[in-house]
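The values are calculated or read from the model by the stated rules, or taken from the named source; none is laboratory data. This one's a predicted model, so the numbers in the text were calculated from it and none came from an experiment. Here the Cβ positions follow ideal geometry from the backbone for every residue, glycine too, while neighbour counts run over all protein chains shown. The accessibility values were calculated without ligands, DNA or RNA, using every heavy atom of the protein model including side chains. Shrake-Rupley method; radii C 1.70, N 1.55, O 1.52, S 1.80 Å.
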Amino acid sequence: SGESGAGKTESTKLLLQHIMNLCKGNSQLEQQILQVNPLLEAFGNAQTVMNDNSSRFGKYIQLRFQKNTVQGAKLSEYLLEKSRVVQQDTGERNFHIFYYMFAGLSSEQKEMYGLLDPSLYRYISGRFGTQEVAECWKHKYQEVCNALDMVGFQEQEQVDMQAILAGVLSLGNVTFEPEESSGSVKVSEASQGWLKASAVTSLCVVSPAPLWSPSGSCCCSLSADARDSIAKVAYGRVFGWIVCKINELLAENVDPEVELSEIGILDIFGFENFAVNRFEQLCINLANEQLQHFFNHHIFQLEQLAYKEEGLPWETITFNNNEPVLNLLLAKPLGLLSLLDEQSAFPQATDKTFVDKLNSSFKGNLHFQPDRGHVLGFTIIHYAGKVQYAAKGFLEKNRDTLPANVRGLFINSVTPLLVPLHIHHEPRPTLARVKCGQEAPGFHGHSLMVLMERMYSANPHFVRCIKPNSQKEPGVLDSQVVLLQLRYNGLLETIRIRRDGFSWRPSFEEFAER
């Protein structure tokens, strides 16, 4: 755990290498486990203001052992930040893979995928990079291709995948204008070519049939929201496909009767506080609140309870308990997420009615502050500090639904990957249900609650990553930045409990033996 940019993903990679080294094996499986990282980072990481290679999803890696030999591994992913596909703030980028493609594809391949100059695409803000950066991206693209081969993607599947990504970019350039006769909107004349590129040239995002009339004009009632929904769903589907393939590759091939021991490594997005914080930051910061509570539970509550039970003379060490913040967010029926779900169920509810509800429900709560400014929002005082959230888009993102007319487009897709989108599409669980473990019937992802239950039943070891400075500079240690993290993480109290407590606990047998 640690802030965004503190080094969690890098530490995870080092930890994996270390464990593989301890296994003393050089088996193909161990190499494959190490080699899936470039793939996950290309599709799941992006540049943010706080970190040039920020994980925009959470991952839990389970390594399964039999007599000190790795027999298999499984990867679970949580809450991919799909909204990044369609929007990035100043100083941020889309997922790495889009830039790698522009740098790594040959001009013939670009032509095949209908890709033009990167500066033309709205979904990557029309920004690319210097020649030097492009060279680095070209190398990364090659790494991704090698990893796709190694994971077992067939050549046609790789073509389909890149066609989908190219189609997503073209789709982002489709704009709309009012339809005078009906009062609805239609695809603007200027962007008909982009629509055709996304639907036909790339042969992927949707089947051309429902989009085009015989005269060649668009006959689909798309809108900007529907356009962005298609892009997010298609990208999320590609990412899920990659994770499934990785799991097929790394699955253990042993007798089911054999009991395997397991080491799990959780690398989850770090605490974030940007100039503008949205629904995604609330999800990320809630996950970090839960991890901090888990840490407190193990390091302070269970530890001191054991001393008490043994009748040891012990002066209780107090710690900053973040339970009140979790109650504010997760309590039922009046926690923030329950209220968000309730509002999401009302068709006429708006982000403003949601904020009004919060302001009346949490009046006087020490961890909640209503916003008095002109931007619709609210402030939560988290364990790691005060974060101001902009409420615009909260209800829409929590519903996370695909418009019915758009869902119908996927079933005729000429890319097999996208067809299951329609067939298996159940209502998505809202954030509150995911967080509280109430899975929606058709939801295949793991909820964070399932993850937390798994962690509470295991024997945890905590790796606390500390960010040395806020400028992303190497070799610079800003003592104030470090001290702040040591304080809010509870590490100063942890040092006290380690110093005054009993950190080495041999069993009676070990003690007598010695």
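Here are the numbers for this structure:
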{"read-out": "Flag for PHE269 being modelled with pLDDT of 90 or more and either crowded, with 16+ Cβ neighbours inside 10 Å or in a helix (DSSP H, G or I) (or both)", "value": "no"}
{"read-out": "Residue within the stretch 147-154 that is among the hydrophobic types (A, V, I, L, M, F, W, C), over 20 Å from ARG84 (Cα atoms), in contact (Cβ under 8 Å) with a residue 40 or more places away in the chain and open to solvent by 40 Å² or more (accessible area, probe 1.4 Å) present", "value": "yes"}
{"read-out": "Selection from the stretch 87-99 of residues that are open to solvent by less than 20 Å² (accessible area, probe 1.4 Å) and in contact with a helix residue (DSSP H, G or I) (Cβ under 7 Å, 6 or more places away or on another chain)", "value": "ASN94, PHE95, ILE97, PHE98, TYR99"}
{"read-out": "Cβ-Cβ under 8 Å pairs, at least 6 apart or on other chains, the stretch 460-480 side farther than 19 Å from THR48 by Cβ, far side among the β-branched types (Val, Ile, Thr) and open to solvent by less than 100 Å² (accessible area, probe 1.4 Å)", "value": "PHE462/ILE299"}
{"read-out": "Subset of the stretch 362-372 that is in contact with a strand residue (DSSP E or B) (Cβ under 9 Å, 6 or more places away or on another chain) and open to solvent by 30 Å² or more (accessible area, probe 1.4 Å) - its residue that is farthest from LEU484 (Cα to Cα)", "value": "LYS363"}
{"read-out": "Residue within the stretch 157-167 that is more than 30 Å from LEU250 (Cβ to Cβ), open to solvent by 10 Å² or more (accessible area, probe 1.4 Å) and either modelled with pLDDT of 85 or more or in contact with an Asp or Glu (Cβ under 9 Å, 6 or more places away or on another chain) (or both) present", "value": "no"}
{"read-out": "Top-ranked residue of the stretch 1-36 - restricted to ones that are assigned to a loop (DSSP other than H, G, I, E, B) and modelled with pLDDT of 90 or more, ranked as farthest from ARG127 (Cα to Cα)", "value": "SER1"}
{"read-out": "Residue within the stretch 387-395 that is open to solvent by 30 Å² or more (accessible area, probe 1.4 Å) and modelled with pLDDT of 65 or more present", "value": "yes"}
{"read-out": "Test: residue in the stretch 37-53 that is within 22 Å of LYS467 (Cα to Cα), at pLDDT 95 or above and assigned to a strand (DSSP E or B)", "value": "yes"}
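Okay, residues lined up against (1) touching a strand residue (DSSP E or B) at 6+ places or on another chain (Cβ under 6 Å); (2) outside any loop (DSSP other than H, G, I, E, B); (3) not β-branched (Val, Ile, Thr):
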{"residue": "VAL233", "(1), (2), (3)": "no, yes, no"}
{"residue": "ILE246", "(1), (2), (3)": "yes, yes, no"}
{"residue": "LEU249", "(1), (2), (3)": "no, yes, yes"}
{"residue": "GLY264", "(1), (2), (3)": "yes, yes, yes"}
{"residue": "PHE274", "(1), (2), (3)": "no, no, yes"}
{"residue": "ILE284", "(1), (2), (3)": "no, yes, no"}
{"residue": "HIS298", "(1), (2), (3)": "no, yes, yes"}
{"residue": "TRP314", "(1), (2), (3)": "no, no, yes"}
{"residue": "ASN320", "(1), (2), (3)": "no, no, yes"}
